[in-house]
Amino acid sequence: MTAPKGFSHTREGALLAALHIGVRANSQWGPTVFEPTITEQVVGPDAGRLLEQTRTTYEESRQEAGLPQGSSLGKAYVDEEAYRWESYATDAATVDIVSAGPDPRGTTVRATTRIQVVWRDGDWRVVAPLDGDWGNAATELKSLDGYTRFEE
């Protein structure tokens with residue numbers, strides 16, 4: 001599988017890059033998805049750490065679930081619901097993406113993840129989160145006020 005590429009050099013292209021690359025740079029989908037995504041489309045001083053942590057998380061989860069090497073870890077019960085621009089320029093942008101999913105009681109919980117993108121080598125690239133940990137870029141969200149919902 002190849003990494004998501006070819007995003008337009010526009011505000012919408014930056015948003016789509018943040019969304020697609022951010023989602024695919026996750027252990028849930030297995031190494032055939034996260035490896036090329038992180039290797040080809042994630043930049044910054046913590047990109048190597050993100051790849052290392054994603055590999056470790058994947059392997060631990062895969063072994064715990066008894067899945068064969070290379071398989072995905074199963075369904076993700078999370079929806080990307082909305083976004084809000086923090087900043088946008090023609091060569092860099094920062095957008096907050098809202099994810100929603102069930103907690104153990106079945107109640108919907110939301111978190112916002114701040115994703116930075118830069119225009120480099122003819123495409124948008126995601127800047128790896130601090131220490132290669134998406135948790136450092138995420139915060140719990142109580143309200144969608146001020147966010148633009150994705151259309152279904």
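The values are calculated or read from the model by the stated rules, or taken from the named source; none is laboratory data. Source: prediction; values computed, not measured. Please note: Cβ atoms are built from the backbone with ideal geometry, for glycine as well, and neighbour counts cover all protein chains shown. Only protein heavy atoms, including side chains, enter the accessible area calculation; ligands, DNA and RNA are left aside. Shrake-Rupley method; radii C 1.70, N 1.55, O 1.52, S 1.80 Å.
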Original post:
Gap in Å between the Cα centre of the range 85-152 and the Cα centre of the range 26-49?
Top reply: 16 Å
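Loop-only check: which chymotrypsin sites (Phe, Trp or Tyr not before Pro) in the range 48-152 are DSSP coil with at most 11 other Cβ within 10 angstrom?
When the chymotrypsin sites (Phe, Trp or Tyr not before Pro) of the range 48-152 are filtered for loop state and at most 11 Cβ neighbours within 10 Å, TYR77 remain.
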Original post:
Accessible area, 1.4 Å probe, largest first: how do GLU60, GLU80 sort?
Top reply: GLU60, GLU80
Subject >> CD proxy at 222 nm, helix term only [per DSSP H run n ≥ 4: -39500 (n - 2.57); per residue of the chain; nearest 500] >> reply: -9500 deg cm²/dmol
**OP:** Give the Debye-formula value of log10 I(q)/I(0) at each listed q (0.10, 0.12, 0.17 Å⁻¹), with one equal scatterer per alpha carbon of the range 56-152, two decimals each.
**Re:** -0.37, -0.53, -0.96
Original post:
So what is the orientation-averaged projected area of the range 111-152, using the convex hull of its C-alpha atoms, in nm²?
Top reply: 4.5 nm²
Original post:
Mind checking which helices in the chain clear 15 Å along their axis (Cα) and have mean Kyte-Doolittle hydropathy of 0.5 or more, DSSP H runs only?
Top reply: 11-24
**OP:** Please give the FRET efficiency for TRP85 paired with GLU64, using the beta carbon to beta carbon distance and R0 = 30 Å, rounded to the nearest 0.05.
**Re:** 0.20
